[in-house]
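Bear in mind that the values in this text are calculations on the coordinates, not laboratory data. These numbers come from a predicted model, not from an experiment. Every residue, glycine among them, receives a Cβ derived from its backbone with ideal geometry; neighbour counts consider all protein chains shown.
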């Protein structure tokens, strides 16, 4: 599926055969601009259905990816991330009992993550329409930004009824953590933690496809 915010094509293709999955995108930014990044795709709420689907060859006219294919693609993605300048400590975990995938790494600056995602797209691990220039950080002005991405509404409208149903209960969660306190932000749909050092946004993926919720946010740090 091209229009979903996704990490790895094969694992996501498997999850896209059921509508009940979550994507968690997390950034932990230190005061010097370095930090940690992780993304988790969690299909545990549909693990019984996914376990049955995994035994099939095709469903709804789509090939069902096998465990070995998924592992190979994830390992390839990790290798590409490791080769991206500024990115280190790349780790992956694959729980095929609960259908949970995690990729994490550390970065020297958040733009390294953009570069890593761009490399994944260049190697066809990410779909062509997946956004990659998501983050930016102006350390001098202490401004962290999550950038605007294109709408995928027209792509969604072209899907079959069965494919559209995949998105009915799928959710996206973004967590941004900072060493410095948040002074202000431009997007009130992000909830601020009591200590003002974390922001969280969540919603149905359909809300983001139709831009009822916007991911972009300009965050002024102390």
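A few remarks follow.
- Listed residues 123, 153, 161, most fluctuating in the chain (Gaussian network, C-alpha, under 10 Å): 161
- As a length-normalised measure over Cα pairs under 8 Å and 6 or more apart, the relative contact order of region 9-221 settles at 23 percent.
- The gain in end-to-end length when the residue 169 to residue 154 segment is fully stretched comes to 3.4 nm, 0.36 nm per residue minus the alpha carbon separation.
- Full-extension gain in nm, residue 30 to residue 111, via 0.36 nm per residue minus C-alpha separation: 27.8 nm
- Only helical runs count toward this figure. For the chain, summing -39,500 (n - 2.57) over DSSP H runs of n ≥ 4 and dividing by all residues gives -7000 deg cm²/dmol at 222 nm.
- 0 to 90° range, to nearest 10: angle between helix 111-122 axis and the chain longest Cα axis: 20
- Region 106-222, relative contact order [Cα under 8 Å, separation at least 6], %: 27
- Among 113-120, 38-45, the order from most to least packed when residues are scored by Cβ within 10 Å on average: 113-120, 38-45
- Projected label points at residue 212 and residue 91, each 7 Å from Cα along the beta carbon direction, are separated by 3.7 nanometres.
- With both residues required to sit in region 9-221, DSSP beta bridges show an antiparallel share near 85%.
- Helix 67-82 axis versus longest C-alpha principal axis of the chain: approximately 20°, rounded to the nearest ten.
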